[in-house]
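We did not get these values from a lab; they are worked out from the coordinates using the rules stated. Owing to the predicted nature of the structure, the values given are computational and were not obtained by experimental measurement.
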Amino acid sequence: MGSSVAQLAAMHGHEVRNIDVDQPSLERARASVDRSLERFVRAGRVEEAGAERVVELIDYGCDLGAGVGDAEVVIESVVEQLEVKRAVLREAALAAPSSCLLGTNTSQLSITAIAAGVPEEAAERVIGMHFFNPPVLMRLLEVTRGQLTADDTVARTEEFGLTLDREVVILAKDVPGFVTTRISAAVRLECLRILEEGVASAEDIDRACKLGLNFPMGPLELGDFNGLDTFLAAVESLEASHGSRYHPPAVLRNMVMAGQVGRKAGRGFYRYGDDGRRLD
């Protein structure tokens, strides 16, 4: 998802550094951006010269400290695990300028808990910047302040979101799951229960949601896209905060235990090729 956020920023004229843990991860990110831009060009939404400019604006590297040394905005988009997010954002906070916005692209973790991992003087600059998959297409940016987030940080984040041509929703409270994750998780869990009951196939459930409810992507297909292991971790966290209404059904746990976690594994509710394209 981070590579799509990087692409979005570059498409709106920002110079971007896409930092990841190793070269293979960076190559996958670069390939993902290239494929996405090709689709934009084919659809006539971006000219060839514009796509080439986007590519030029994105730099790739593995050195986080060097990558954020003169950054105005940092957006971490790592795995949805509190300690990992804390560690990455702490390293960024220590290396970035003292005025840099420290954004966390979490879908459900507490912003206050994440900010507890950075140096005390940096906590006021930590803020939730929740983009939606795929960020280059989805228009919403859900902004959540932590307990120590400064008003100026909120204002600057909203301004930054507007430079990306995104609609910004600002939450008044730091509540696990925010608004959208709580709603979408409830819908996806109900789809999983319908599947588990044998009422309809995954494909028909997704088709019903797209054609009958105007969903841009079926909830189960979206689960494959984001990773079912990521979704399981999210609903387990939501269950701990909000109770049994977010209890994950057995079908989800079993698929994760079997390694059928979606597109990145080549198999989830659907099958995928090595290039990530759906096969069935």
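Tabulated data
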read-out	value
Lysines with Cα under 27 Å of LYS264, excluding same-chain neighbours fewer than 8 positions away	LYS85, LYS210
Helix runs (DSSP H) in the chain reaching 18 Å along axis by Cα, Kyte-Doolittle at least 0.0	82-95, 180-196, 228-242
Gain on full stretching of the segment that runs from VAL251 to SER25 - 0.36 nm per residue minus C-alpha separation	78.4 nm
Reach of LYS173 by Cα under 18 Å, taken over aspartates and glutamates that are not fewer than 8 positions away in the same chain	GLU124, GLU142, ASP151, ASP152, GLU158
Alpha-carbon centroids, segment 36-58 and segment 114-171: separation in whole Å	26 Å
